[in-house]
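For reference, the structure is listed below as structure tokens.
The values are calculated or read from the model by the stated rules, or taken from the named source; none is laboratory data. All figures in this text were calculated on a predicted structure; none of them were measured in a lab. Counting neighbours? That spans all protein chains shown, and the Cβs are built from the backbone with ideal geometry, glycine included. Surface areas here come from the heavy atoms of the whole protein model, side chains and all, with no ligands, DNA or RNA. Shrake-Rupley method; radii C 1.70, N 1.55, O 1.52, S 1.80 Å.
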Amino acid sequence: MTDSVRVLIADDHPLVLGALREAVTGAIADAEIHEAADFETLAAALEQTPDMDLVLLDLSMPGVRGYSGLLFLRSERPGVPVMVVSGNEDPTVMRHCIEFGASAYVPKSLDVETMRAAIRKVLEGGQWTPPDLDLNAPADREASALVRRLSSLTPQQVRVLMMLSQGLLNKQIAYELSVSEATVKAHVSAILQKLGVESRTQAVILAAKIEKMQALAPTP
């Protein structure tokens with residue numbers, strides 16, 4: 001690996017951050033490591049370094065609900081490979097992450113050497129999942145359809161949906177995103193159309209469904 005590889009580690013647990021930093025430095029000589037402990041610093045890091053080469057993402061961190069962090073990354077930076085590093089070892093959750101466009105799913109219980117091998121494979125353009133994960137297992141049709149709908153959202157629409165899920169009003173969302181209320185209304189209308197629902201309440205319920213899918217197994 002070259003010394004110009006830029007890696008963003010997004011996790012809010014200091015011990016996990018340290019372990020992932022060790023995995024990255026062991027896999028890539030002189031890697032340029034960036035860190036984020038919540039969604040806002042994740043988004044800011046991507047804005048400051050748009051040519052990031054790899055993102056290691058925890059599914060559960062402040063500002064992220066369910067798969068929203070992964071959705072945002074795949075929509076905002078489709079060319080940047082994302083490795084999900086999670087304590088959730090439910091096969092369904094792993095498969096959904098791959099459906100959402102993750103290049104790898106690495107359980108936090110794995111040893112550092114295996115994580116390093118996964119990092120190298122992804123940087124070489126490959127995909128990595130636990131050997132015992134069957135990606136061809138029969139999919140839940142409703143869940144897969146929901147994955148496709150959510151994947152069609154733009155980065156800003158993902159953020160608006162996240163804020164809707166938090167119960168924020170249009171004017172509050174406009175303030176947080178530094179846009180007009182009219183822009184927020186346009187985003188909400190587009191979200192409803194893409195998700196195939198008629199109200200913001202139904203959109204929030206749909207988003208909650210995907211969050212429950214992610215919460216099938218406990219995470220540390």
Review point. Which of the residues spanning the range 68-93 are open to solvent by less than 20 Å² (accessible area, probe 1.4 Å), out of contact with any Ser or Thr (no Cβ under 6 Å at 6 or more places or on another chain) and assigned to a loop (DSSP other than H, G, I, E, B)?
Key: VAL80
Review point. Only one of (1) in contact (Cβ under 8 Å) with a residue 40 or more places away in the chain; (2) open to solvent by less than 10 Å² (accessible area, probe 1.4 Å) is not met by LEU42, so which one is it?
Key: (1)
Check your understanding: Looking at LEU54, is it open to solvent by less than 10 Å² (accessible area, probe 1.4 Å), under 10 Å from the mean Cα position of the chain (by Cα) and in contact (Cβ under 8 Å) with a residue 24 or more places away in the chain?
Key -> no
Exercise for review: Name the single residue, out of those in the range 118-142 being part of a helix (DSSP H, G or I) and touching a residue at least 24 places away in the same chain (Cβ under 8 Å), that is surrounded by the fewest Cβ atoms within 10 Å (Cβ to Cβ).
Suggested key: ARG120
Point to revise | Some residue of the range 105-115 being within 16 Å of the chain's Cα centre (by Cα) and open to solvent by 30 Å² or more (accessible area, probe 1.4 Å) | key: yes
Exercise for review: Kindly check whether there is at least one residue in the range 143-163 that is over 30 Å from GLN48 (Cβ atoms), open to solvent by 40 Å² or more (accessible area, probe 1.4 Å) and not in a helix (DSSP H, G or I).
Suggested key: no
